[in-house]
Amino acid sequence: MHPRKIPFFPAAVASVLALAAVLSSQTVPAPAPALTLLAREGRRALPLTIAANQEMVGLDDLATAFQLAVREESLGAITVSYKGKTIVLTSDQPLVSVSGRLVSLPAAPARSGPRWLVPVEFISRALALIYDARLDLRKPSRLLVIGDLRVPRITVRYDPLGATGRLTIDATPRALANVTQETDHLTIKFDADALDVPNPPLPAQEPQSLLRAVRVLDATTLAIDLGPRFAGFKATSQPVDTTSRLVIDLLAAQTDTGSPPGTPPPAASPPGTPPPATSATATPPSPPPPELPSFFGQAAPAIHTIAIDPGHGGDDAGVKATAGASEKDVTLAIARRVKGVIEARLGLRVLLTRDDDRNVAINERTAIANNNKADLFISLHANGSMRRSTSGASIFYAAFDRDAAQNATSGGADRVPTFGGGARDIELVLWDLAQTRHLDRSAAFAELLERQLRDRVPLATPAVDRAALRVLESANMPAVLIEVGYLTNPEQATLLTTDGFQNALVQSLFDAVVKFRDTLAAGGTP
Amino acid sequence: MNAGRKLAIGVAAVAGAVLVFVMFVWLPRWTTRATTAGTVGAAAPAPAPPAASGRKIKARLFYVADSGMKLTSVERDVAYGEGAVAQAREIISAQIAPVVEPLVSAVPPGTALRAVFISEGGEAFVDLSRDVVSSHSGGTLGELLTVYTLVNALTENLPAITAVQVLVDGKEVETLSGHIDLRRPLAKNLTWVQ
């Protein structure tokens, strides 16, 4: 604990955390979007304007908040100065010059009446380079942390596991937490100056007999409201990359048919035990199968939901074969088959990111998987090559351009820092890096799938590869992208649309999912 | 009075020198450069042979390997450019120029170079015409080969360039055809070169 930071801060920060709740509880129209500035001195809000899907902020507001001098020059140039350093913007250019260096923005500055609006990324990508305090933009939370405050981003996940339940609470960057039990709730106190936490911390879900709600108690404390069956808890914490992961297992009181009091839940099912084929509604409610794994700090190794992502769609046809087949149609046809087979034979929930011929943004595809807490993400594509002879299926999992990121952090004060430095768009990076913690399992699933495909469909060499694939980077679960074959190869284009090929592919996917699930259930790494 | 005349003559001499420099040194160079940029991507039957009188450098350019799965590098003469930006522009211009069999380019035909910027940190921004998106044949592999043709052409030949970000019509793009993340500059990656 660092006592120097805490005492005078909580009041201001508590109001930040409760901002959404306060605004929504008042009987006023929906609040205008705002960026919350969080500094040691307190907080303030800057109004945001949404233009062409970009969150924009007024240069005049920034000038007031950061003591900047803004001048409109001739030929559409605008200069923003701070302590002798200057940023030059041009009215129709998404590039700005920061002390002579070029930095890109997602959109050009826009005029709104007498005011100039700039994308919020202007703060992290341009202003941060000339400002004398750290500026850490948390775009998803609409939060800007100024200075060296420790404001970990908190995510909470709850998994009911039979008679028990598991809360997984991640704090990024790392922050230690202390868990204590009160009469009807647990308090989790973080060693931080404030928390960047969604409101509510845990998305609304079915009422649970162990857990009623998770709420923000004060600036640095969460409260876990306990249900009537709660009997005890077990908490463990461990670092995972830049995150501190706190796992709290909630243990249930004995029921009429349950195990004796105080008895820890039995071990997981033996490897290979098949699950019930379907979940019959008439099944007696107790005793539920206890499956609390013996190791902590890992995500619950069970597969309940699979997200299948048929690539492209709508006016984005993807690769088009000369004979007529389009990638968007091939991927949708295979996705529907996969859904039918896995749901019918494994009883798992299968989500499709699109179930018809329409455009779905890449971000939205990953968001569907993340928001539904999918345990596995499979993106389906068909490949294209500049040479017609190229053929064979490939499986990709994510790669991150670490060299570029490293260059950005290690080049000294002139560089655009990213990892940990917070001067570029730190939250964008963190969201984009969600896949990093699942890479081992993504690689394992890719290998499993390759073994299943090997004797059934033509494979490329190498069959498993890595690339900076946009759709996989933000997936918060094991994730792969399958290129089922080449539509630019006339023979393959014909093959890919046949029932025989599509069924072979679906069977391979099905077998890989079963093996992946069984290996996870056995507590091993696939 | 005398001092005033001397000052006036001095100012006139300096102005004259500047005028001579602009007319005979800067302007010709600027117009040559603009002409070069303007002709990039024009449909030519074969790589334009560099002007016999111009200085050349040796550069490694990247094309699709016979397997179609990787890139292969080829050493070529590329026009000399004064300074990193001009040299980067010459390299990209040569890289995206149309080629004849057996070479196959991973950059779609018709793609034109609009501009090259280089930040102090060595990140190059290559601004291409929309053809790089609209004429792209698609696929993860096709997109990988296009992106790393451009990234490697600059990072391999110009050590000062550490990473490359592709812009389209002056704007940042998420991907070219729905696969590779282009929102940040990408570092050299020779795993896609055989």
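Read-outs: derived from the displayed coordinates by stated rules, not from any lab. Since we're looking at a predicted model, the values are computed, not measured. Here Cβ is always computed from backbone atoms with ideal geometry, including for glycine, and neighbour counts include all displayed protein chains.
Quick look at the numbers
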{"quantity": "Karplus (6.51, -1.76, 1.60) ³J(HN,Hα), θ = phi - 60°, over region B:181-187, in Hz, Gly and Pro reported as x", "calculated": "6, 10, 7, 9, x, 9, 7"}
{"quantity": "Distant-in-sequence amide H partners of residue A:486 (H built 1.01 Å from N, under 5 Å)", "calculated": "A:383, A:392"}
{"quantity": "Label-point gap, in nm, between residue B:86 and residue A:82 - each point 7 angstrom along Cα→Cβ", "calculated": "3.6"}
{"quantity": "Sorted by Cβ density within 10 Å, fewest first, the residues A:184, A:375, A:191", "calculated": "A:184, A:191, A:375"}
{"quantity": "Averaged over B:158-168, number of beta-carbon atoms from partner chains that fall within 10 Å", "calculated": "2"}
{"quantity": "Antiparallel DSSP beta bridges within region B:86-194, percent to nearest 5", "calculated": "60"}
{"quantity": "Under-5 Å amide H pairs with residue B:165, H placed in peptide plane, nonlocal only", "calculated": "B:124, B:125, B:126, B:186"}
{"quantity": "Peptide-level mean, for B:119-126, of C-beta atoms on other protein chains within 10 Å", "calculated": "6"}
{"quantity": "Cα shape, region A:32-146, gyration tensor, a/c 1.5 rule", "calculated": "oblate"}
{"quantity": "Neighbour cut-off at most 13 other Cβ (10 Å), DSSP loop, GluC sites (Glu not before Pro), region B:47-142", "calculated": "B:82, B:120"}
{"quantity": "All lysines inside 26 Å of residue B:56 as judged from Cα atoms, apart from same-chain residues fewer than 8 positions distant", "calculated": "B:188"}
{"quantity": "Listed peptides A:227-236, A:356-365 by packing density, highest first (mean Cβ within 10 Å)", "calculated": "A:227-236, A:356-365"}
{"quantity": "Phi-based couplings in Hz for region A:359-368 (Karplus 6.51, -1.76, 1.60; Gly and Pro marked x)", "calculated": "6, 10, 4, 4, 4, 5, 4, 5, 4, 4"}
{"quantity": "Test item: A:505-517 mean partner chain Cβ contacts at 10 Å", "calculated": "0"}
{"quantity": "Segments A:314-326, A:465-477, A:87-99 sorted - mean Cβ within 10 Å per residue, highest first", "calculated": "A:465-477, A:87-99, A:314-326"}
{"quantity": "Estimated vicinal HN-Hα couplings, Hz - region B:130-142 in sequence order (Karplus 6.51, -1.76, 1.60; Gly, Pro = x)", "calculated": "4, 4, 5, 9, 5, 9, 6, 7, x, x, 4, 5, x"}
{"quantity": "Net dipole in debye of region B:40-192 [+1 Lys, Arg Cβ; -1 Asp, Glu Cβ; about Cα centre; nearest 20]", "calculated": "200"}
